[in-house]
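Worksheet: the structure to be examined is printed underneath.
The values are calculated or read from the model by the stated rules, or taken from the named source; none is laboratory data. All values derive from a computational prediction rather than experimental measurement. Quick reminder, even Gly has a Cβ in these numbers, built from the backbone with ideal geometry, and neighbours come from all protein chains shown. These accessible areas exclude ligands, DNA and RNA; they are computed on the full protein's heavy atoms, side chains included. Shrake-Rupley method; radii C 1.70, N 1.55, O 1.52, S 1.80 Å.
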There are 2 protein chains.
Amino acid sequence: MIGNPLQATAFHVSTRGEYGMRVMVELARRYGQGTISLRSVAEGEALPEAYLEQLVASLRRAGLVSGKRGAGGGYQLVKDPAHVTAGDVVRALEGPIEPQVCTAEGESIVNCPHEPKCGTRQLWVKLQATIADALDSLTLAELARWPVGHGKAG
Amino acid sequence: MIGNPLQATAFHVSTRGEYGMRVMVELARRYGQGTISLRSVAEGEALPEAYLEQLVASLRRAGLVSGKRGAGGGYQLVKDPAHVTAGDVVRALEGPIEPQVCTAEGESIVNCPHEPKCGTRQLWVKLQATIADALDSLTLAELARWPVGHGKAG
DNA sequence: ACAATCCCTACCGGAATGATCGGAAATCCC
DNA sequence: GGGATTTCCGATCATTCCGGTAGGGATTGT
């Protein structure tokens, strides 16, 4: 856990999303160089290796990375970084983008008692679409080629 | 807690945001009719009254509602619903919109060790701006005048 | 053989979530 | 003034989630 003690904040992305995204960007930077050991990524980004294993497992099950065992093994991206979006990564790590259960991506299963006089639903629907669009419009390739802090870096 | 058991989902809004937003929309609908008791809102929306008290306390401290004690008392919006945004409500209930500690609204205090070679920061910055813009562009008045479910209601 | 590496499962302490409860203070009506 | 109503305030509590740690098994290169 990097950074300050955090009070309540809205729309905070957990370390699963944060660390996992860092790993993916690092793999994107080294795309085409064969497999990269998780240890080297963990050390390079100063993150706990054992914890990363869990996150990478989710990424592998989602078909985003492939692992190779044994000495000299490691992980690599399955697809070209230009064809993997931040949305793909976030969904693999944290599940579908779903501000409320009634506004899930794809099919909505829930039958909400607040319908049909629900005044808040349109808000969550809009929010879901907005977030998904923002995440899906940014690729790993774009993130990987922007390694340096711009503007007033925090 | 309305709805189904929820597996892991990204960007999920807690009941603070959900219930609190419902209360605000209800108060917006009855704007200009004097104070509304929390009990009537709780019964109308089928929400736990005692829990709502806590949420409304946050809304009051944020200057969004005012309470009047005693028989016939209740709450009412301080400002016209057309001048209160969903963003105001969410921030009052769940804190600033902050995907990561390094991408807080306003001033960023954190000095992150990942800078300046952080490839993920631009993602969270974009996300923060996108979410804030979506929430700030929708007013309580708009939400209140759309009480009926549209499209395929969940 | 042996070291490196992925892979899998279980566990664990602390914090957040989603409430409930009891009571104090103000206000209205009779 | 008495009582009903309602906001306000703080404590408590059960459950779940978060952010890891620990240990071991399977596979591969040298």
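Could you tell me whether A:Ala46 is within 13 Å of chain B (Cβ to nearest Cβ), more than 8 Å from DNA strand C (Cβ to nearest atom) and within 25 Å of A:Pro96 (Cβ to Cβ)? No: the conditions fail for A:Ala46. Considering only residues in region B:67-92 that are more than 23 Å from A:Lys126 (Cα to Cα) and outside any loop (DSSP other than H, G, I, E, B), the one that is farthest from DNA strand C (Cβ to nearest atom) turns out to be B:Leu77.
Filtering B:Thr85, B:Thr103 for residues that are more than 16 Å from the chain's Cα centre (by Cα) and open to solvent by less than 70 Å² (accessible area, probe 1.4 Å) leaves a single hit, B:Thr103.
Could we say that A:Pro116 is facing chain B (nearest Cβ under 7 Å), within 16 Å of DNA strand D (Cβ to nearest atom) and not in a helix (DSSP H, G or I) here? In short, no. Selection of region B:102-142 for residues being touching a His at 6+ places or on another chain (Cβ under 9 Å) and of a type in the set (A, V, I, L, M, F, W, C) yields B:Cys102, B:Leu140, B:Ala141. Pairing residues of region A:52-78 that are of a type in the set (Ser, Thr, Tyr) with residues that are open to solvent by 50 Å² or more (accessible area, probe 1.4 Å), at Cβ distances under 6 Å and at least 6 apart in sequence or on separate chains, gives A:Ser66/A:Val78. Inspect region B:29-50 for any residue being touching a residue at least 24 places away in the same chain (Cβ under 8 Å), more than 15 Å from DNA strand D (Cβ to nearest atom), part of a loop (DSSP other than H, G, I, E, B) and of a type in the set (D, E, K, R) and give the result as yes or no. No - not one qualifying residue is present in region B:29-50.
The test for being within 13 Å of chain A (Cβ to nearest Cβ) and more than 8 Å from DNA strand D (Cβ to nearest atom) does not hold for B:Asp80.
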